[in-house]
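Sharing a structure here in structure tokens format.
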Amino acid sequence: MKISVRRFPGDYTQDYEIEDAEGESVLNLLERIREKDPSLAFYRSCGIGKCGACRMNINGRERLACAVPATGSLLLEHASGGKVVRDLVTIEQREEGTGGIG
Amino acid sequence: MRVFETDILIIGSGAAGILAAIEASRSCCVTLVTKGPCGRDGATITAQADIAVDGRSCKKILGLPEGDSYDSPNRFASDIFREGEELGNKKLIEIQTESIASAVAALRDDGLHLRGLFKNPGHTYPRSVWISAPELCFILRNKLKATQTKVMEYTVVCDLLTSDGAVTGALAFDRLSGTPLAVRARETILCTGGAMRIYPYATAPLGLTGDGIAMAYRAGAELLDMEFPMFLPYALLSPKMLEGATFTHDLAMLTNAYALNRAGERFISAWDPERMERTTRDINSAACGVEIAEGRGTPLGGIWLSLAHLPANIIEVMGNWFPEGLSRWRYGPFDLKNVLPDLSRDALETIPASHFWNGGVAIGIDGSASIPGLYAAGEGTAGLHGANRISGNGIGQAIVWGIRAGQSAASRVAKKSNARNAHPKVDLEQLDFIISNLFAPLERKTGVSPVDLARDIRSAAWKGIGLVRDEVSMRDFEKELSALRETAANQAARTKERVWNEDLLISLQNINMLDVASCVVASALRRSESRGAHYRKDCPYTEDFWDRSIKVKRGNNGFPLLALPDERKNTAGTGARRPYGQKKRMSS
């Protein structure tokens, strides 16, 4: 199947071809892609829909990549609202100094 | 390199880390460093969460009418001690059972919903107060925001800094900017959780690689009970997208589900014919482990869990009464009806997945480690659970001991306030050494990929120090560890970016995983019996001689150095033994 990933820095779209595998999520798929392309950045933590670390835009909708079955053609983009660190990794804006979540 | 100074450095942002920060920041300057987003990267958020509180306090303090007044903190303490196979530290257990109710009441006053009371295996009374872990993390995160704590997210600690045997802070790496930073601290509190991810199957987030335990070990602190990593039976193995999900364990505990081997046999009847699948997690895991090891598992190497003997309409409405997460057979964002097979017809493939770390940094009743300047709290510490943790004491431990370590470290800082201007010295040579190790995988052109090495460590650990152990496979694992260590000294990141480099993070975690695994195997080889989460098929009995914990320290040669505390010398050594899983008749 074909997966297109919007990548940063540079803001360009890269296409990957990867074999289908039954019962996998988009996040599982990204992990297999990263074995071939270690420069691809995304964030995985709990993998079971609780921590929210893998939130991204999948075919135009904000979703958790761990909870979306990997089927059909996919366009993956970073989640909106935060600052893009690299590729699919975004963070909430950080404030320097004391007094808040950094 | 940036340098920070702080009174108290806290590493980790699960419940223990955040509560320690909230307490300590009342009187001290506190810096909290965490690998990922604060409150969301630890194991707390993934807990299928219940907090164990004695029945009387449930009724009186928490206002839960189902609480049983015949229960008491003392009875709760005896259950912890008995189910921990008599290895728990009675002082720590007493503090846990006496302190948890008021701590939960305070969280309830902050908005935490107490969703009901259940009885879980190992508890004599219903004590499991069900909560939502994401809700707990949200509340804690907001409480932390209201303090003056400086929070540094996406920052991974590489190693503790030491001077004259005392911890003086840590060297960390900011994943977002790609820069190292040194934190000089009067006191450091490790709240980094367990090392569940040294195994291929785990219920905890990917970051739980035993970092704090390994760093404490390298700094010279004593560890305890390292041979007792706990597995959660019947975690989901397939489909891949839900690997490690724990609702299937709850199905096994709370419904009349059957655990079956490849022949469709309920093998657990040979282990605990009375409680069957509702036996404790250690016995369930050992039983599953033997089936898997002897080739009677599922095609993927797991155990079948089946509801198919039940009428379809009973299964259908299970989703309506389940305590957490399974409403209408939805599990968080997952629609299970689309993801799982038809449960009235087919069984699920499950596995005992690495779930909890019973051992860890040895602590005193104030949460202090055995070396000056260091405290530890929560899952990465040892002494509360002994050889096996009963349900509800994971989050409970994080809450009680996070608060306690935060308070103790703050009062230590206050006592030393006359020396307030003298921040501990930093050993510049040590700093350079840690930084050059940190960046070495970026500079090496050839070498093993950290991702491949992590996979090799995990599969070796599963075989050598997994569910079922024996001398031969553990000796093999020791040899394999030496080879893996040599490989680890030659890791090369496949991409050389400093910002958000996954290979670089994994290369650091690999070193921690190897240190932890070497302590597990050394302790497990020494313990020539089976007890709790440590099951040896070459000695499947529990011996009175081993009614004591094994301490581990880093020896001068770099290998684990073991010690048996003498405290219980008089009661041990009678030579009496009993079959694994059978409780000793209580003498008191």
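Kindly express, to the nearest 10 degrees and within the range 0 to 90, the angle between helix A:26-36's C-alpha long axis and the longest C-alpha principal axis of chain A.
Around 80 degrees separate the two axes.
Moving on to the next point. What FRET efficiency comes out for B:LYS416 versus B:ARG2 if R0 is 30 angstrom and r is the Cβ-Cβ distance? Round to the nearest 0.05.
After rounding to 0.05, the efficiency reads 0.75.
Can you list the residues of segment B:335-352 that have at least 50 square angstrom less accessible area with all protein chains present than in their chain by itself, probe 1.4 Å?
Listed in order, there is nothing to give; none.
Go through the cysteines of the protein assembly as shown and tell me which have no other cysteine Cβ under 4.7 Å away.
A:CYS54, A:CYS66, B:CYS28, B:CYS29, B:CYS38, B:CYS58, B:CYS137, B:CYS158, B:CYS191, B:CYS288, B:CYS519, B:CYS539, each lacking another Cys Cβ under 4.7 Å.
Right, another one. Just to make sure I understand: if all protein chains stay in place, what is the order of A:GLU17, B:GLU277 by accessible area at 1.4 Å, largest first?
A:GLU17, B:GLU277
Treating the angle as unsigned and between 0 and 90°, give the value, to the nearest 10°, between the Cα long axis of helix B:133-145 and the longest Cα principal axis of chain B.
Here the helix axis deviates by roughly 20 degrees.
Tell me the net charge near B:LEU343. Cut-off is 12 Å between Cβ atoms, B:LEU343 excluded, with +1 for each Lys or Arg and -1 for each Asp or Glu.
Around B:LEU343, the surrounding residues sum to -1.
In Å and whole numbers, how far do the C-alpha atoms of segment B:232-352 stretch along each principal axis, longest first?
Per principal axis, max minus min of the Cα coordinates gives 36, 30, 24 Å.
Give the Cα extents of segment A:2-91 along the principal axes, in whole Å, largest first.
Computed over the Cα atoms, the extents are 33, 28, 23 Å.
Rg and Dmax of segment B:428-526 over Cα atoms: what are they, in angstrom?
Over segment B:428-526's Cα set, Rg and Dmax evaluate to 14.8, 45 Å.
May I pose another question? Got a sec? What order do B:SER549, B:SER78 fall in by accessible area at 1.4 Å, biggest, i.e. largest, first?
So the residues, ranked largest to smallest area, are B:SER78, B:SER549.
Expected output is a single nm value to one decimal: the length gained when fully extending between B:LYS584 and B:ASP342, i.e. 0.36 nm times separation in residues minus the C-alpha distance. What is it?
82.8 nm
Working from Cα positions, state the angle (0 to 90°, nearest 10) between the long axis of helix B:281-293 and the longest principal axis of chain B.
80 degrees
Ignoring everything but the protein chains, give the 1.4 Å probe accessible area of B:HIS123 in square angstrom, nearest 10.
Taking all protein chains as shown, B:HIS123 has close to 10 Å².
In chain B, what % of DSSP beta bridges are antiparallel (nearest 5)?
65 percent
Here's a follow-up. If the cut-off is a Cα-Cα distance under 22 Å, which lysines reach A:LYS50, setting aside same-chain residues fewer than 8 apart in sequence?
Output for A:LYS50: A:LYS83, B:LYS35, B:LYS143, B:LYS145, B:LYS240, B:LYS337.
Taking the radius of gyration and the Kirkwood hydrodynamic radius from Cα positions alone, what is the Rg/Rh ratio for the protein assembly as shown, to two decimal places?
When Rh is taken as the Kirkwood radius, the ratio is 0.94.
In addition: So what is the relative contact order of chain B, in percent, for Cα pairs below 8 Å that sit 6 or more residues apart?
19 percent
Taking the alpha carbon gyration tensor of chain B, what are the square roots of 5 times its eigenvalues, largest first, to the nearest whole Å?
35, 28, 25
Hey, can you grab everything whose amide H is under 5 Å from the amide H of A:LEU75? Only 5+ residues off in sequence or another chain; H modelled, so Pro and N-termini drop out.
Amide H neighbours of A:LEU75, under 5 Å, 5+ apart: A:SER4, A:ASN59.
A follow-up question, please. Cross-link candidates for B:LYS583: which lysines have Cα within less than 24 Å, leaving aside residues fewer than 8 places away along the same chain?
B:LYS90, B:LYS91, B:LYS119, B:LYS537, B:LYS551, B:LYS569
If you don't mind, another one. Calculate the all-directions average of the projected area of segment B:83-151's alpha-carbon convex hull, and give it in nm².
Averaging across all directions leaves 6.5 nm² for the Cα convex hull.
The values are calculated or read from the model by the stated rules, or taken from the named source; none is laboratory data. Remember, it's a predicted structure, so these values are computed and weren't measured experimentally. Neighbour counts are summed over all protein chains in view; Cβ atoms, including those assigned to glycine, are modelled from backbone coordinates with ideal geometry. We work out accessible area using only protein heavy atoms, side chains counted, and drop any ligands, DNA or RNA first. Shrake-Rupley method; radii C 1.70, N 1.55, O 1.52, S 1.80 Å.
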